[in-house]
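Throughout, read-outs are computed from the coordinates displayed, never taken from laboratory work. Remember, it's a predicted structure, so these values are computed and weren't measured experimentally. Don't worry about glycine lacking a Cβ; one is built from the backbone with ideal geometry, like all the others, and counts go over all protein chains shown.
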Amino acid sequence: MTVYSHSRLSCFEQCPQKFKLQYIDKVETEEEQTVEAFLGIRVHESLEKLYRDLAHQKVNTLDELLAFFTDEWNTNWTDDIIIVRQEYQAENYLNMGRKYLTDYYQRYHPFKQGKTVALEELIRITLDAEGNYKLQGYIDRLTETQDGYYEIHDYKTNSRLPLADYIRSDRQLALYMIGVKNQYPDVKDVRLIWHFLKFDKEIDSTRTEQDLSQLKVDTIQLIERIENEERFEAHPGFLCEWCEYQSCCPQWSHLHMIKEKPANEYLKDSGVVLVNRYAEVKSAQKLANLQWDAELEKLEDALLSFAEKEHVEVVFGSKNKVRVSESEKYSFPSKNSKERGQLEKVLQKYGRLQEVSQLDTAALGKVLQEKQWEPEVLEALHKYIEVERKKRFYLSKIKE
């Protein structure tokens, strides 16, 4: 069976069609890189150098670390890197990276928080006893503390701090925790540590054995879904804008077929012609519906006036008839409002609160409509209730 990774699993969850194009069909694309991704790579490289040099008893100064970062940035930068937010320049992101590294350096210097066990370590994860379900990934940094605990460190250059639910449910580091427990039998326990560099913030968490057991079950089920998937349908969303597989995806491929055509050829494309005409017809239909609705409203007003004047409930035509029916709609005070509390007290006073299941408004509406309670009770309730009377019109054929 395929050896999976967290990123491969996430790709399937995000869009099965993208998963198929990337991992099954292995479609080659001209991969575009955003400045945010470029920034993340350069920062990771710099922190890896910092700790790799420490392992060789060399402590970089902050200036040396920033010089390495800047040199790597300039060496690898190309004009093809995408800056989505046009109000910023490449230099802004370069300075952001320098700020991240400066904050980190000043926070942890002289870097004696634990012994570095591995950097950019390939970790293998087995999810079942038979070894049928396997994953792998790379740990940014693995350390051992003096009290025998292991720590999985992950560097994040995200522009936003995550919600607490994300930290509690993050799958990637929890899977790495399973791998570390298997790979290092002397481990007492494992802590998961995220470094959110933009905010100079460290967040840590851990997982119980029960959590890890459930994670294994959930991940195996996800892998089985992938293995048994046949359709691999696209999941359109805001991430499509940055997807490198748009030209191959059935959701977007027609756009890529026509966008390079000159205007005269573009407008003659049969798909473009059909969609333009379809939009025209739908627009005309909407306008016609509005016109018909306005006329129907006038006719209903006239029918209502006729029925009330002649004291009839059914008005006959040559082949059809219309029955005019009146219904009441009740509006109650909103939950947790002062009026709602007063209404509940009135119901409780008359011993009726239990009959409407602790103020089930649907049940109370039925009671009011059918006048099931004594007039005194109904009268006491009416000051808290708004009544809207609506006329309904039912058209039917006249039987011969």
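Rounded to whole Å, the principal axis extents of the Cα atoms in the range 258-314 read 69, 15, 12, largest first. Scaled to the globular estimate 2.2 N^0.38 Å, the Cα spread of the range 93-193, given as radius of gyration, is 1.21.
For Thr70 and Glu295, the FRET efficiency from 1/(1 + (r/R0)^6), where r spans their Cβ atoms and R0 equals 51 Å, is about 0.10.
When only alpha carbons are used to place a centre, the range 375-393 and the range 200-232 end up 54 Å from one another. Charging the Cβ of each Asp and Glu at -1 and of each Lys and Arg at +1, and nothing else, the dipole of the range 1-96 about its Cα centre rounds to 520 debye. Cross-link partners for Lys268 among the lysines, with Cα-Cα distance under 25 Å and sequence neighbours closer than 8 places in the same chain left out: Lys259, Lys282. Around the Cα centre of the range 161-235, unit charges on the Cβ atoms of Lys, Arg, Asp and Glu (plus for the first two, minus for the last two) sum to a dipole of about 240 debye. Using Cα springs under 10 Å in a Gaussian network model of the chain, which residue among Asp200, Asp301, Asp63 shows the largest mean-square fluctuation? Result: Asp301 has the largest fluctuation of those listed.
Which of the trypsin sites (Lys or Arg not before Pro) across the range 82-153 are loop residues per DSSP, with 15 or fewer other Cβ within 10 Å?
Hits after loop and neighbour filter: Arg85, Lys112.
Summing Cβ point charges (Lys, Arg +1; Asp, Glu -1) relative to the Cα centre of the chain gives a dipole of roughly 1380 debye. Under 5 Å between amide hydrogens, built in the peptide plane, is the criterion, and for Gln33 it picks out Ile82 among residues at least 5 positions away or on other chains. On a 22 Å Cα-Cα criterion, which of the cross-link pairs Lys49/Lys99; Lys18/Lys198; Lys309/Lys390; Lys309/Lys391; Lys349/Lys371; Lys156/Lys188 come out too long? The answer is Lys18/Lys198; Lys156/Lys188. Reducing the range 1-70 and the range 324-338 to their Cα centroids gives an inter-centroid distance of 57 Å. P(r) tail, the range 6-228: Cα-Cα pairs separated by more than 24 Å, 52% of all pairs. Within a straight-line Cα-Cα reach of under 22 Å, Lys319 can be paired with the following lysines, leaving aside sequence neighbours fewer than 8 residues apart in one chain: Lys298, Lys397, Lys399. Only helices enter the 222 nm calculation for the chain: every DSSP H run of n ≥ 4 contributes -39,500 (n - 2.57), and dividing by all residues gives -15000 deg cm²/dmol, rounded to 500.
Residue-wise HN-Hα couplings along the range 184-190, as the Karplus relation 6.51 cos²θ - 1.76 cosθ + 1.60 with θ = phi - 60° gives them from phi, are 10, x, 7, 5, 7, 7, 10 Hz; Gly and Pro carry x. For the range 86-162, the set of GluC sites (Glu not before Pro) satisfying both a DSSP loop assignment and a count of at most 10 other C-beta atoms within 10 Å is given as Glu87, Glu130. Projecting the Cα positions of Ala174, Val217, Pro185 onto the charge dipole of the range 155-232 (unit charges on Cβ atoms of Lys, Arg, Asp and Glu, taken about the Cα centre) puts Ala174 furthest along the positive direction.
Based on Cα atoms of the chain, Rg over Rh with Rh as the Kirkwood radius reads 1.16.
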